[in-house]
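Engineer: So that we are looking at the same thing, I have put the structure below in C-alpha cells.
Every number here is computed from the coordinates shown, using simple stated rules; none is lab data. Please read these numbers as outputs of a predicted model, since none were measured by experiment. Counting neighbours? That spans all protein chains shown, and the Cβs are built from the backbone with ideal geometry, glycine included.
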Amino acid sequence: MSFWDQIFRPRSTSSQVAKERLQVVLVHDRVKLSPELLETLKNEIIAVISKHVSIDQEAMEIKLTHGRGYQKLTADIPILGSRDSAAPRRPR
Amino acid sequence: MTGQVITITSGKGGVGKTTTTANLGIALALQGKRVVCIDADIGLRNLDIVLGLENRIVYDIVDVVEGRARLRQAMIKDKRMPELSLIPAAQTRDKTAVSPEQMLAICADLKQEVDFVLVDSPAGIERGFQNAIVGADQVLIVTTPEVSAVRDADRIVGLLEAAEKSPARLIINRIRPSMVKRGDMLSVADVLEILAIQLIGIVPDDEQIIVATNRGQPAALDNRSQSGQAFRNIAARLLGQDVPLMALKDTDGWLQRLGRFVIPRRE
Ligand SMILES: Nc1ncnc2c1ncn2[C@@H]1O[C@H](COP(=O)(O)OP(=O)(O)OP(=O)(O)O)[C@@H](O)[C@H]1O
Ligand SMILES: [Mg+2]
C-alpha cells in the first residue's frame with residue numbers, strides 16, 4: 001500500500017471494528033466450529049474428493065459465512081484436468 | 001386467570017439485570033399490575049437493596065424451599081405500592097440450595113396470584129441461570145453495547161433455543177449516544193444485526209441510575225428520569241402497548257464537544 005493510500009484510507013471506527021470482530025467470533029461460537037476443526041474438515045474433504053477427481057488443493061477454500069439469523073459452510077473446490085490441460089496434475 | 005413469568009438474564013455479569021428487574025417491577029406496578037419479583041441470585045442478594053426493601057427481610061427463598069416459611073410469608077410487600085412484592089435470595093447459601101423443580105413449583109404457585117412474576121437471574125450459564133429460566137414464559141436478555149456482553153447474549157440466545165423457550169427479547173442498556181455518534185460504541189442497529197433477535201427496549205447510560213440505587217428508589221419512580229422513562233416504556237410494551245423507541249439525547253455538553261474538536265482523538 002502506497003504512502004498516499006495510507007494517508008487517505010478512511011479509518012474504520014472502533015464500533016465498526018467491534019462489529020466485524022463480533023460477527024466473526026459468533027459464527028464460530030454458534031456452530032461450535034473452531035478454525036482448527038475447519039482445517040481438519042478441509043483436509044478430509046480433499047481426501048474424499050481427490051479419490052475421484054483432481055482438485056486444486058492450493059486454491060481450495062472452505063469457510064463459514066453468516067447472514068441475518070443463519071450460518072453456512074461454503075466450500076470452493078477448483079477442479080483440475082479440464083479439456084485444456086493435457087496431463088492433469090496429480091494431487092499431492 | 002394466571003399471570004406470566006418473565007425472566008431477566010444476560011450471560012455476562014454487571015450489565016443491568018437487577019436494575020432492570022427492579023425498574024420493570026415498579027413500572028408494571030405503576031400500571032396497576034400485581035407483580036412479584038424473585039431474586040434468583042442466591043448468595044449474591046441485591047434486588048432487595050436496589051428496590052430499597054433490604055431492611056424488611058425476614059424469610060428468603062431458601063427458607064421457603066426448606067420449609068421454614070410459607071411462600072406468602074417470604075413475600076415482602078413494597079409500602080410505596082401495594083401491587084409490588086419481593087421474594088429475596090438467601091445471602092449465605094449457594095445456587096444449589098434451590099432445585100429447578102422447586103423453582104418451577106414456586107413460579108407456578110405465584111402465577112395463580114399475580115399478573116407478573118419477574119425473575120432476576122444471576123450471571124453465568126450454570127445452575128443459577130437454569131433455575132431462573134425453568135419457569136419462564138418469556139425471557140428478556142439484557143446486554144450493553146460492548147463486545148463481551150453481546151457475545152454472551154448470543155450464547156444465551158442459543159441456550160434458550162435449546163431449552164425450547166419462546167424467542168427472547170432484547171434490552172440494550174447503558175447506551176451512550178455521544179459515543180455511538182462518533183463511532184465508538186455499537187449502535188442499536190449494529191447489536192440487532194449481530195444478534196438477530198427482537199428488541200423490546202433501549203436504556204441510556206444514566207447517572208440517575210446510581211443516584212436511584214443509592215437511595216433505594218428505582219428510577220422508574222422518577223418522572224423526570226430518562227432511564228426511568230425507558231423502563232416505563234419497556235413495561236408498557238410488555239403490556240402490549242405500542243410505544244415508540246425513545247430518542248436518546250446526546251448528553252455531552254458543549255465543552256466536551258469543543259474538546260473533541262480542538263484535540264482530535266487518536267485511535
Ligand atoms: N442504565 C444505566 N446507567 C448507569 N448505570 C447503570 C445502568 N444500568 C446499570 N447500571 C449500573 O451498573 C451496575 C450493575 O448493574 P446491575 O447490578 O443491575 O447488574 P447485574 O446484571 O444485575 O449484575 P450481576 O450480574 O452482578 O447480578 C450497577 O452499579 C448499576 O447501578
Ligand atoms: Mg444482579
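Engineer: Between region B:5-72 and region A:11-50, how far is it from one alpha carbon centroid to the other, in angstrom?
Structural biologist: 40
Engineer: Output wanted: per-residue J couplings in Hz (rounded whole) for region B:133-143, from phi through Karplus 6.51 cos²θ - 1.76 cosθ + 1.60, θ = phi - 60°, x for Gly and Pro.
Structural biologist: Going residue by residue, I get 9, 4, x, 6, 8, 9, 10, 10, 9, 9, 9 Hz, with x marking Gly and Pro.
Engineer: Let me ask something else about it. With every atom except the alpha carbons ignored, what do you get for Rg and Dmax of region B:1-117, in angstroms?
Structural biologist: Values for region B:1-117 (Cα only, Rg and Dmax): 13.1, 36 Å.
Engineer: Rank the residues B:LEU118, B:LEU110, A:LEU33, A:LEU73 as a footprinting-exposure proxy: fewest other Cβ atoms within 10 Å of their Cβ go first. Intermediate values should be presented prior to the final figure.
Structural biologist: Values: B:LEU118 26, B:LEU110 23, A:LEU33 15, A:LEU73 12.
Neighbour counts put them in this order, fewest first: A:LEU73, A:LEU33, B:LEU110, B:LEU118.
Engineer: Separate question: Given the DSSP H assignment, sum -39500 (n - 2.57) over each helix run of at least 4 residues in chain B and divide by its residue total; what's the result at 222 nm in deg cm²/dmol, nearest 500? Please list the in-between numbers first.
Structural biologist: Values: 12 runs with 108 residues, N = 267.
Calculated from helices alone, the mean residue ellipticity at 222 nm is -11500 deg cm²/dmol.
Engineer: If you don't mind, another one. Taking H as built 1.01 Å from N, whose amide H comes closer than 5 Å to the amide H of B:LEU118, not counting residues under 5 places away?
Structural biologist: B:ILE6, B:VAL36, B:CYS37, B:ILE38
Engineer: Moving to a separate point now. For q values of 0.15, 0.20, 0.25 Å⁻¹, compute log₁₀ I(q)/I(0) with the Debye formula on a Cα-only model of region A:27-72, without solvent.
Structural biologist: Normalising to I(0) and taking log10 leaves -0.47, -0.72, -0.91.
Engineer: Suppose R0 equals 25 Å. What FRET efficiency, 1/(1 + (r/R0)^6) with r the Cβ-Cβ distance, do B:ARG56 and B:ALA196 give to the nearest 0.05?
Structural biologist: Values: r = 42 Å, r/R0 = 1.69.
The pair B:ARG56/B:ALA196 has a calculated efficiency of 0.05.
Engineer: Evaluate peptide A:13-22: per residue, the Cβ atoms of other protein chains within 10 Å of its Cβ; return the mean as an integer. Show your work: numbers first, answer last.
Structural biologist: Details: counts 5, 7, 10, 3, 3, 11, 9, 0, 2, 12.
For peptide A:13-22, the averaged partner shielding equals 6.
Engineer: Something else: For labels at A:HIS28 and B:ASN223 in the simple 7 Å Cα→Cβ model, what's the distance in nm?
Structural biologist: Computed distance between label sites A:HIS28 and B:ASN223 equals 5.3 nm.
Engineer: Please list, ordered by chain and number, the residues whose modelled amide H lies under 5 Å from the amide H of B:LEU199; skip anything fewer than 5 residues away on the same chain.
Structural biologist: Amide H neighbours of B:LEU199, under 5 Å, 5+ apart: B:LEU170.
Engineer: Shifting gears a bit: Taking θ = phi - 60°, what integer Hz values does the Karplus form 6.51 cos²θ - 1.76 cosθ + 1.60 yield along region B:182-195, in sequence order, with x for Gly and Pro?
Structural biologist: After applying 6.51 cos²θ - 1.76 cosθ + 1.60, I find 8, x, 10, 9, 4, 7, 4, 4, 4, 4, 5, 5, 6, 8 Hz.
Engineer: Could you tally the net charge around B:ASP137, taking each other residue with its Cβ under 11 Å from the Cβ of B:ASP137, Lys/Arg +1 and Asp/Glu -1?
Structural biologist: Working: positive: B:LYS111, B:LYS165; negative: none.
Net local charge, B:ASP137 excluded: +2.
Engineer: Around B:LEU30, what is the net charge, scoring Lys/Arg as +1 and Asp/Glu as -1 over all other residues with Cβ under 9 Å from its Cβ? Please report the intermediate quantities before stating the final value.
Structural biologist: Values: positive: B:LYS33, B:ARG232; negative: B:GLU83.
With Lys, Arg at +1 and Asp, Glu at -1, the neighbours total +1.
Engineer: Taking 0.36 nm per residue of sequence separation and subtracting the Cα-Cα distance, how much length would be gained by fully extending the chain between B:ILE125 and B:ALA162, in nm to one decimal? Write out the running numbers ahead of the final one.
Structural biologist: On the way: separation 37, 0.36 × 37 = 13.32 nm, distance 1.27 nm.
The B:ILE125-B:ALA162 span can extend by a further 12.1 nm.
Engineer: Among B:GLY240, B:GLY14, B:GLY32, which one moves the most in a GNM of chain B with springs linking Cα atoms closer than 10 Å?
Structural biologist: B:GLY240
Engineer: Using alpha carbons only, what's the Rg to Rh ratio of region B:34-192 with Rh from Kirkwood? Spell out each step's value before the answer.
Structural biologist: Values: Rg = 17.0 Å, Rh = 16.9 Å.
Dividing the radius of gyration by the Kirkwood radius yields 1.01.
Engineer: Further question: Counting residues in the protein assembly as shown as N, plug N into 2.2 N^0.38 Å and put the Cα Rg over that result. Intermediate results must be reported in sequence, preceding the final value.
Structural biologist: Details: Rg = 25.6 Å, N = 359, 2.2 N^0.38 = 20.6 Å.
Relative to the 2.2 N^0.38 Å estimate, the protein assembly as shown comes out at 1.25.
Engineer: Check which residues have an amide H placed less than 5 Å from B:GLY11's amide H, if you skip close sequence neighbours.
Structural biologist: Here B:GLY124 satisfy the definition.
Engineer: What are the ³J(HN,Hα) values, in whole Hz, obtained from phi via the Karplus relation 6.51 cos²θ - 1.76 cosθ + 1.60 with θ = phi - 60°, for each residue of region B:201-211 in sequence order, with x given for Gly and Pro?
Structural biologist: x, 10, 10, x, 6, 9, 4, 4, 5, 5, 4
Engineer: Which of B:LEU71, B:LEU186 comes first, and how do the rest follow, when ranked by fewest Cβ neighbours within 10 Å? List each step's numbers first, then the result.
Structural biologist: Numbers: B:LEU71 17, B:LEU186 28.
Listing B:LEU71, B:LEU186 from fewest to most nearby Cβ atoms yields B:LEU71, B:LEU186.
Engineer: As an exercise, find the ratio Rg/Rh for chain B from alpha-carbon atoms, using the Kirkwood inverse-distance average for Rh. Spell out each step's value before the answer.
Structural biologist: On the way: Rg = 18.6 Å, Rh = 18.9 Å.
For chain B, the value is 0.99.
Engineer: Specify the inter-centroid distance of region B:178-237 and region B:104-137, based on alpha-carbon positions, in whole Å.
Structural biologist: Centre-to-centre (Cα) distance: 23 Å.
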